[in-house]
Amino acid sequence: MDQLTARLLDIYGTRATRRYGLSKVTQLQHALQGAAMAEAACESDSMVVAALLHDIGHMVHGLGEDPALAGIDDRHEALSAAWLAEYFGPQVTEPVRLHVQAKRYLCASDRDYLSLLSDDSVRSLHLQGGPMNEAEARAFCQQDAADQAVRLRLYDDRAKDPQAATPPFEHFLAAIERARLHSPVR
Ligand SMILES: [Fe+2]
Ligand SMILES: [Fe+2]
């Protein structure tokens with residue numbers, strides 16, 4: 001087993017049993033549901049891996065179970081992207097880095113989006129800066145990975161179903177391997 005696989009199995013086999021914010025799913029269920037949705041939508045391996053690992057930052061910080069409850073933004077999107085940059089290139093790390101900005105963008109650009117957000121996403125939105133203003137939204141759209149980040153965000157928002165059946169984490173190891181080949185560290 002290579003180092004990345006061992007680290008991921010350790011993290012998702014132990015620390016991912018934490019609840020995902022206020023929702024009724026664990027971090028592991030959230031990760032698997034997002035990745036399964038990306039796979040079902042025929043996304044690239046890089047996007048499947050981004051959906052699977054986008055919140056790894058929540059599991060590698062030392063801020064406790066639910067920092068948002070204490071009014072702290074854990075900046076998990078930056079932590080996730082930095083962690084993943086050791087193993088993957090920008091096709092994986094950029095949508096991950098931008099997935100919180102994508103929420104702020106969607107809040108500003110889509111009237112109905114805010115009403116679809118879960119309670120914990122609304123709560124963290126305020127810690128994360130609230131909906132983007134016009135200049136921020138324009139700047140967001142100009143980023144290369146903006147489209148991928150928005151798609152990742154939409155999988156993220158839907159991946160909170162306590163009843164959903166998913167493949168196990170091991171199912172995605174092949175996509176992880178291929179994503180490393182196709183999106184190598186720069
Ligand atoms: Fe997240
Ligand atoms: Fe998430």
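The values are calculated or read from the model by the stated rules, or taken from the named source; none is laboratory data. This is a predicted model, so every value here is computed, not measured. Heads up, the Cβs are rebuilt from the backbone with ideal geometry, glycines too, and the neighbour counts pull from every protein chain shown. Areas reflect the complete protein model, heavy atoms only, side chains present, ligands, DNA and RNA absent. Shrake-Rupley method; radii C 1.70, N 1.55, O 1.52, S 1.80 Å.
Odds and ends about this structure:
- For the peptides 164-170, 95-101, 82-88, 146-152, the ranking by packing is 95-101, 146-152, 82-88, 164-170, with the highest mean count of neighbouring Cβ atoms within 10 Å listed first.
- Separation of alpha-carbon centers, the range 96-169 and the range 18-93, rounded to whole Å: 12 Å
- The chain, Cα convex hull volume normalised per residue, Å³: 111 Å³
- 5 angstrom amide H check on T26, placed H, neighbours 5+ away: Y20
- Stokes-Einstein D in µm²/s, Kirkwood radius over Cα pairs - the range 79-181 at 4 °C with 1.567 mPa s viscosity: 87 µm²/s
- In this Cβ point-charge picture (+1 for Lys and Arg, -1 for Asp and Glu), the chain has a dipole of about 120 debye about its Cα centre.
- Per residue, the solvent-accessible area of the chain (1.4 Å probe, heavy atoms of protein chains only, all protein chains present) comes to 49 Å².
- Overall, the accessible surface of the range 3-182 at a probe of 1.4 angstrom is composed of carbon and sulfur to the extent of 52 percent.
- Heavy-atom accessible area order for R158, R7, largest first, 1.4 Å probe: R158, R7
- Among 8-16, 66-74, the peptide with the highest mean count of other Cβ atoms within 10 Å heads the list, and the full ranking is 8-16, 66-74.
- Alpha carbon Rg of the range 1-99, scaled by the compact-globule rule 2.2 N^0.38 Å: 1.03
- Working from Cα pairs under 8 Å separated by at least six residues, relative contact order for the chain is 31 percent.
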